[in-house]
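Student: Okay, handing you the structure first.
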Amino acid sequence: MHQRKYWNAGYCQCQVSDIKKFYGELLKRGFKPNGVEIIQTVFNVVLKDGYIRINPTDGAIAEIKKSHDWEKPKRHALTAPEQEAFVDFVARFPTCRHWPNLFAVLLGTGIRIGECLGLRWEDCDFKGKMIDIKHNLIYRVAEAGNMEIHITTPKTKAGIRIIPMFDDVKRALLDENLKQMEHGFTRSEIDGYFGFIFQNRFQEVHIPHLANRAIWRIIRSHNIEAGETGAVRLPDFSVHNLRHIFCTRLCKNEPNIKVIQEIMGHRNIETTMDVYNEATKEKKMESFANLEGKIKIS
């Protein structure tokens, strides 16, 4: 109780300048921008509990970004041959039997891994070929310190959206349904939600980070095989890159930025534009090459 009065009285010795100095030291010691942002998120949540009137972390990360001219490393989509090699290997790799349909949905919708694992059969309109994205599966630390699975709603309105269903995505989902009709549907019930589409070998929902583990194993096994046969090697990438691959392909074929933003569930158009500008770089070069000599400029 005394501690609460002390903080509410405004005697917190920590100021924005202290937070900025701390973040700066982390960067000097080799911390990556993503790591510093994770720390900022934790600090911000902890210090919003009402113990202090002014949160010293507010605005600190924005100023650090400016002063250190920091640029987060950009994700790059797999090339078409790399994507084909990944898909083909997953389809025939014996220990990947629980992943091909899930990866097909990720590559064919661009949804986040938590959104994908949170999908239920009732979220899919197979006749209308639409997928309703309106909740998210998360795996987080509980107050007791143990890890728990929960279902949450999207953080912003942009996250609630309907995505058209490609034929390949529909086939993957129906294939998953047929397998479960034979072997059993997912038994998990989370926060009152049930009927989840994707399951592990125990008929429970997948945990998000296990998708990354599966991808790392696939990359390692594929590249060992590629070294022996001279096939295309796979670069290191994470499950989130599958979303980036979809967005990149969409940007190359869809000129309407707002359509891309809505399908991807991006809150800010700037996020969409970053991918769009990188994805259409070759198109811009081709356009200027075709215009060479056709415009009088001197």
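The values are calculated or read from the model by the stated rules, or taken from the named source; none is laboratory data. Everything numeric in this text was worked out from a predicted model, so none of it was measured. Methodologically, a virtual Cβ is constructed for each residue, glycine included, from the backbone with ideal geometry; neighbour enumeration extends over all protein chains shown. Ligands, DNA and RNA are stripped out before the accessible areas are found, and what is left, the full protein with its side chains, is counted by its heavy atoms. Shrake-Rupley method; radii C 1.70, N 1.55, O 1.52, S 1.80 Å.
Student: In segment 187-230, what percent of the accessible surface is made up of carbon and sulfur (1.4 Å probe, ligands and nucleic acids excluded)? Write out the running numbers ahead of the final one.
Tutor: Details: 1260 of 2460 Å².
Answer for segment 187-230: carbon and sulfur cover 51 percent of the accessible area.
Student: In percent, how large is the relative contact order of segment 174-225, given Cα pairs closer than 8 Å and 6 or more residues apart?
Tutor: For segment 174-225, the relative contact order is 23 percent.
Student: Also, quick follow-up: Just want to confirm a number: the relative contact order over segment 97-248, from Cα pairs under 8 angstrom separated by 6+ residues, in percent.
Tutor: Relative contact order for segment 97-248 comes out at 28 percent.
Student: Right, another one. For Glu148 and Met285, calculate 0.36 nm times their separation in residues minus their Cα-Cα distance, and state this gained length in nm to one decimal. Mind showing how you got there, number by number?
Tutor: On the way: separation 137, 0.36 × 137 = 49.32 nm, distance 4.89 nm.
Contour length minus the Cα-Cα distance gives 44.4 nm.
Student: Quick check for you: which residues of segment 148-177 have the amide N under 17 Å from the point 7 Å beyond the Cα of Tyr193 toward its beta carbon?
Tutor: 148-163
Student: List, in order, the whole-Hz ³J(HN,Hα) value for each residue of segment 180-194 obtained from phi through the Karplus relation with A = 6.51, B = -1.76, C = 1.60 and θ = phi - 60°; use x for Gly and Pro.
Tutor: Once rounded to whole Hz, the list reads 6, 5, 7, 9, x, 8, 4, 8, 5, 10, 10, 6, x, 9, 8.
Student: Okay, next question. Taking a quarter of the surface of the Cα convex hull of segment 139-281, what do you get in nm²?
Tutor: Here the figure is 12.3 nm², rounded to one decimal.
Student: Out of residues 5 or more away from Met165 or on other chains, whose amide H comes under 5 Å of its own, with H placed 1.01 Å from N in the peptide plane?
Tutor: Those qualifying (amide H under 5 Å, at least 5 residues apart or on another chain) are Met130, Ile131.
Student: Calculate, for segment 169-227, the solvent-accessible area per residue in square angstrom, rolling a 1.4 angstrom probe over the heavy atoms of the protein chains.
Tutor: I get 55 Å² per residue for this part.
Student: Moving on. Please give the net charge around Ile190, taking every other residue with its beta carbon less than 12 angstrom from that of Ile190, where Lys and Arg add +1 and Asp and Glu add -1. Mind dumping the intermediate values first?
Tutor: On the way: positive: Arg120, Arg187; negative: Glu148, Glu189, Asp191, Glu204.
Value of the local net charge: -2.
Student: Here are some pairs, Lys252/Lys296; Lys252/Lys294; Lys129/Lys252; Lys252/Lys284; which of them have Cα atoms lying more than 18 Å apart in this structure?
Tutor: Lys252/Lys296; Lys252/Lys294; Lys129/Lys252
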